[in-house]
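Below you'll find the structure I mean.
The values are calculated or read from the model by the stated rules, or taken from the named source; none is laboratory data. All values derive from a computational prediction rather than experimental measurement. Every residue, glycine as well, gets a Cβ built from its backbone with ideal geometry; the counts of neighbours run over all protein chains shown.
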Amino acid sequence: MKHLVLGGVRSGKSAFAEAQIADSHKAVCYVATSQIWDDEMATRVQLHQARRPSSWRLIEEPLALADVLDLLNYPQQAVIVECFSLWMTNLLCLEDEERFAQEKQALLDAVASFQGDLVLVSSEVGLGIMPMNALARRFGDELGMMNQALAKLTDRVTFVAAGLPLPLKS
């Protein structure tokens, strides 16, 4: 089962995604893409860590998600990746177009071939106003296209708003 969970900031998407992967009754690996740049981000990470079961394995990988998924690719594994918006930010900040393209394609290939249970968490950023600067517009465009590609590769897609899941694909 491959499941894409979308939502806005503080929508409840993470808690929903974690509940979905916990229901798999398999060994869970939580793949975190965030990097701690400031105290506020450190607090967010701590809240996520406190909510997760201590039995879950943690891999922190801000860039090479495809490599991690390839290492965890077997039927008895359950993986949650949190989250694609932070991963996209990390890639865009590299300012390396070749690496950006390679990582995106490798990730899509890894998701397509993944054999275990996989829950992917991503922000839906296309519901607001058009950003004022080029980097923010590119981020929205790239993440929107990535979310569309992931939606095609997954069995289920759920949009979460106000803590309520809305199935988009099942």
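Given the conditions (1) more than 22 Å from residue 155 (Cβ to Cβ); (2) in contact with a helix residue (DSSP H, G or I) (Cβ under 8 Å, 6 or more places away or on another chain); (3) not β-branched (Val, Ile, Thr), report the number of the one that residue 118 does not fulfil.
Status for residue 118: all satisfied but (1).
Here's a follow-up. Which is touching a residue at least 24 places away in the same chain (Cβ under 8 Å) and in a helix (DSSP H, G or I), of 55, 14, 34?
14
Would you point out which residue out of 66, 78 is within 16 Å of the chain's Cα centre (by Cα) and within 13 Å of residue 26 (Cβ to Cβ)?
78
Suppose we filter 164, 120, 127 for residues that are within 18 Å of residue 80 (Cβ to Cβ) and of a type in the set (A, V, I, L, M, F, W, C); which single one remains?
The conditions single out 120.
Hey, another quick one. What number of residues within the stretch 58-90 satisfy the criterion of being in a helix (DSSP H, G or I) and over 24 Å from residue 124 (Cβ atoms)?
Matching residues across the stretch 58-90 total 3.
Separate question: Being assigned to a loop (DSSP other than H, G, I, E, B), within 17 Å of the chain's Cα centre (by Cα), among the β-branched types (Val, Ile, Thr) and modelled with pLDDT under 95 is the requirement here; does residue 9 meet it?
yes
Need the failing condition index for residue 170 against (1) farther than 17 Å from residue 17 by Cα; (2) out of contact with any helix residue (DSSP H, G or I) (no Cβ under 8 Å at 6 or more places or on another chain); (3) of a type in the set (S, T, N, Q), just the number.
Only one criterion is unmet by residue 170, namely (1).
Kindly indicate the residue of the stretch 88-124 that is in contact with a Leu (Cβ under 6 Å, 6 or more places away or on another chain) and closer than 25 Å to residue 12 by Cα and also surrounded by the most Cβ atoms within 10 Å (Cβ to Cβ) among those meeting that condition.
Among those residues, the one meeting the criterion is 120.
Out of the residues in the stretch 12-49 meeting the condition of being under 14 Å from the mean Cα position of the chain (by Cα) and among the hydrophobic types (A, V, I, L, M, F, W, C), tell me which one is farthest from residue 86 (Cα to Cα).
21
Considering only the stretch 30-40, I want to know if a residue exists there that is hydrophobic (A, V, I, L, M, F, W, C) and surrounded by 17 or more Cβ atoms within 10 Å (Cβ to Cβ).
yes
Output the residues belonging to the stretch 120-162 that are touching a His at 6+ places or on another chain (Cβ under 9 Å), of a type in the set (D, E, K, R) and not in a strand (DSSP E or B).
Within the stretch 120-162, just 155 meets the criteria.
Residue by residue, here is whether (1) among the aliphatic types (A, V, I, L, M); (2) over 19 Å from residue 96 (Cα atoms); (3) crowded, with 16+ Cβ neighbours inside 10 Å; (4) at pLDDT below 95 holds:
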site	(1), (2), (3), (4)
126	no, yes, no, yes
130	yes, yes, no, yes
150	yes, yes, yes, no
159	no, yes, yes, no
166	yes, yes, no, no
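Go through the stretch 1-11 and give me each residue that's over 15 Å from residue 72 (Cα atoms) and in contact (Cβ under 8 Å) with a residue 24 or more places away in the chain.
Selection gives 3, 4, 5, 6, 7, 8, 9, 11.
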